[in-house]
Amino acid sequence: MYLKQSYFLFLNLVFSILLAACTKIYDDKTDPEKEVFNFTVTDAQLKIINESRGKEFFVINPVPELNLGNKSYSIDRFKIRGENTLNFFRKGFGINMNDKISLLNTNDGSERKYEEFKLLAMVYDYTYIENCVAVSLLKEVNLWPVQSFFTEVRLNNHTQGLYHFIEDPTEYFIEQKDASIVIRRGYNHIVKSYTSNRNIISDPQKNIARFNRIYSAIASYSGHQLSDTLSAYLDLEQYFTKLSIDLLVKNGDYTDEIFFYTRNLNGREIFGVFPWDYDDIFSDYPHEIGRSWAPGTVFGHREYSGMNDVIADVGSKLLFSIEDDLDYKIAKDSYLYQQYLNTLRSVMEKIDPVTLDQIFDYALEHISPFYSHDDIVLQSKYDLNETNFDLFSSNLSEKREMLKTRRGWILQELDNQQTE
């Protein structure tokens with residue numbers, strides 16, 4: 001009996017040691033929202049980063065080093081990136097690591113290593129809530145699978161302010177989802193950029209040709225035949241879902257803010273959809289108003305000086321923008337439009353007032369702590385609009401009620417416009 005008790009005591013001791021070890025490993029995970037991304041650069045590099053305007057470039061000789069969570073990491077490429085944000089003091093960064101960083105996913109407690117990511121300065125994002133709200137909405141409808149969170153960025157221990165960390169979507173879809181290609185769409189449906197999967201034998205030009213068939217189809221077909229043809233190339237449900245979110249948040253600029261990646265659906269390879277860059281939401285007008293160069297040209301030259309011109313062309317449709325020719329065709333083709341409305345209703349039912357409250361509560365919980373640091377908030381003087389906690393709080397409250405009201409209006413319009 002004594003030996004048997006001793007044996008169980010020994011097993012309990014071993015189990016306790018193993019449990020303690022496991023607990024220690026968990027505690028060692030890097031919670032990114034509680035850490036600072038601090039990069040070491042030379043004084044000359046710091047001056048160039050902050051004072052340069054209008055150009056992307058790599059910081060080299062030496063490449064900066066990342067300090068995160070009391071650890072130092074070697075970087076392969078450190079890029080100053082963005083488009084219009086390049087004209088601001090606070091720059092956006094594209095990082096490619098030599099040493100992958102392990103980060104805790106605060107949503108589900110999992111951990112994964114990251115090689116490429118972006119740190120967005122959000123210089124256009126008023127009070128820093130817009131990307132947070134948009135990403136939360138996209139998560140609700142399963143259009144945002146990548147890791148993202150908000151963090152402070154420093155250069156040589158000097159704060160650059162609040163940033164949005166986003167796992168590089170191209171790397172995610174190629175490395176994690178085995179996409180054969182990832183395409184970013186530009187204006188007039190050009191392929192703005194693309195990345196092919198080096199581990200998959202495929203001709204990128206054939207994939208690009210498949211993408212272009214989306215736009216030849218909208219010029220050649222209509223009705224049921226158009227829907228079937230598009231479905232052979234594009235996940236229409238995902239695309240309709242994205243347009244639904246764009247309508248809800250009044251996304252003013254999304255023609256060239258979207259990635260298409262190959263994915264398998266029901267045994268065939270089609271293009272899935274990943275939305276990008278929601279720093280122009282809550283807009284009064286869509287991007288095509290007053291910009292004669294912006295609308296696509298598949299159906300000839302289109303120009304809109306005001307919303308009356310849009311309504312005269314396509315009617316009072318539940319699409320925030322018809323700038324891209326695919327969106328224009330959805331508005332014009334009655335069969336495709338009714339399919340879109342079915343998805344729109346599903347999205348609005350999923351994003352109910354309770355869900356909207358949860359989304360805005362999340363923004364309050366995850367962004368407000370940064371407002372307690374005066375040095376971080378002070379950096380907003382370099383943005384399009386300076387911010388403070390009172391502005392943050394009032395904007396959060398205003399946009400919470402605005403989206404609830406807008407959702408109610410969309411549902412009323414759906415009752416009027418849905419015929420199927």
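The values are calculated or read from the model by the stated rules, or taken from the named source; none is laboratory data. This one's a predicted model, so the numbers in the text were calculated from it and none came from an experiment. Reconstructed Cβ throughout: ideal geometry from the backbone, glycine too, with neighbour counts over all protein chains shown.
Scanning the stretch 176-195 for residues that are without any contact (Cβ under 8 Å) to a residue 40 or more places away in the chain, out of contact with any Ser or Thr (no Cβ under 7 Å at 6 or more places or on another chain) and farther than 21 Å from D279 by Cα yields Q176, D178, I190, V191, Y194. Taken across the stretch 345-352, residues that are polar (S, T, N, Q), within 22 Å of V310 (Cβ to Cβ) and surrounded by 14 or more Cβ atoms within 10 Å (Cβ to Cβ) do not occur at all. Of all residues in the stretch 30-46, those satisfying the criterion of being surrounded by fewer than 14 Cβ atoms within 10 Å (Cβ to Cβ) and either modelled with pLDDT under 95 or part of a loop (DSSP other than H, G, I, E, B) (or both) are D31, K34, T42.
For (1) under 30 Å from N395 (Cα atoms); (2) of a type outside the set (D, E), each residue gets a yes or a no:
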{"position": "I214", "(1), (2)": "no, yes"}
{"position": "T229", "(1), (2)": "no, yes"}
{"position": "F240", "(1), (2)": "yes, yes"}
{"position": "D253", "(1), (2)": "yes, no"}
{"position": "I270", "(1), (2)": "no, yes"}
{"position": "F274", "(1), (2)": "yes, yes"}
{"position": "D277", "(1), (2)": "yes, no"}
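Suppose the filter is of a type outside the set (D, E, K, R), in contact (Cβ under 8 Å) with a residue 24 or more places away in the chain, surrounded by 21 or more Cβ atoms within 10 Å (Cβ to Cβ) and out of contact with any helix residue (DSSP H, G or I) (no Cβ under 6 Å at 6 or more places or on another chain); does Y328 pass it? Yes. For I376, the conditions (1) surrounded by fewer than 16 Cβ atoms within 10 Å (Cβ to Cβ); (2) in contact with a strand residue (DSSP E or B) (Cβ under 6 Å, 6 or more places away or on another chain); (3) hydrophobic (A, V, I, L, M, F, W, C) are fulfilled apart from (1). In the stretch 147-154, the count of residues that are assigned to a strand (DSSP E or B), of a type in the set (D, E, K, R), under 24 Å from G252 (Cβ atoms) and outside the structural domain of Y194 (by TED's automatic domain parsing) is zero. Looking for something surrounded by 13 or more Cβ atoms within 10 Å (Cβ to Cβ), outside the structural domain of C132 (by TED's automatic domain parsing), among the small types (G, A, S) and in contact with a helix residue (DSSP H, G or I) (Cβ under 9 Å, 6 or more places away or on another chain) - is there at least one such residue anywhere in the stretch 359-371? Checked against the condition, which is being surrounded by 13 or more Cβ atoms within 10 Å (Cβ to Cβ), outside the structural domain of C132 (by TED's automatic domain parsing), among the small types (G, A, S) and in contact with a helix residue (DSSP H, G or I) (Cβ under 9 Å, 6 or more places away or on another chain), the stretch 359-371 yields at least one hit.
Taken residue by residue, the stretch 324-334 has no member that is among the hydroxyl-bearing types (S, T, Y) and not in a helix (DSSP H, G or I).
Given the criteria among the β-branched types (V, I, T) and outside any loop (DSSP other than H, G, I, E, B), does I49 qualify? It is true that I49 is among the β-branched types (V, I, T) and outside any loop (DSSP other than H, G, I, E, B). One residue is enough: does the stretch 297-311 have a residue meeting the conditions crowded, with 17+ Cβ neighbours inside 10 Å, at pLDDT 95 or above and of a type in the set (D, E)? No - not one qualifying residue is present in the stretch 297-311.
All conditions but one from (1) modelled with pLDDT under 95; (2) part of a strand (DSSP E or B) apply to T106; the one that does not is (2). Taking the stretch 182-199, which residues are among the hydrophobic types (A, V, I, L, M, F, W, C) and either closer than 19 Å to K113 by Cβ or under 18 Å from the mean Cα position of the chain (by Cα) (or both)? Result: V182, I183. If you filter the stretch 130-156 down to residues that are touching a Ser or Thr at 6+ places or on another chain (Cβ under 9 Å) and within 15 Å of Q379 (Cβ to Cβ), you find that the one that is surrounded by the fewest Cβ atoms within 10 Å (Cβ to Cβ) is N156.
Of all residues in the stretch 234-251, those that are closer than 16 Å to I183 by Cα have Cβ atoms under 8 Å from Cβ atoms of residues that are of a type in the set (K, R) and not in a helix (DSSP H, G or I), 6 or more apart or on another chain, in D235/R263. A count restricted to the stretch 292-329 and to residues that are more than 23 Å from the chain's Cα centre (by Cα) and closer than 14 Å to S244 by Cβ stands at 1.
Of all residues in the stretch 306-321, those being under 18 Å from N251 (Cα atoms) and part of a loop (DSSP other than H, G, I, E, B) number 7.
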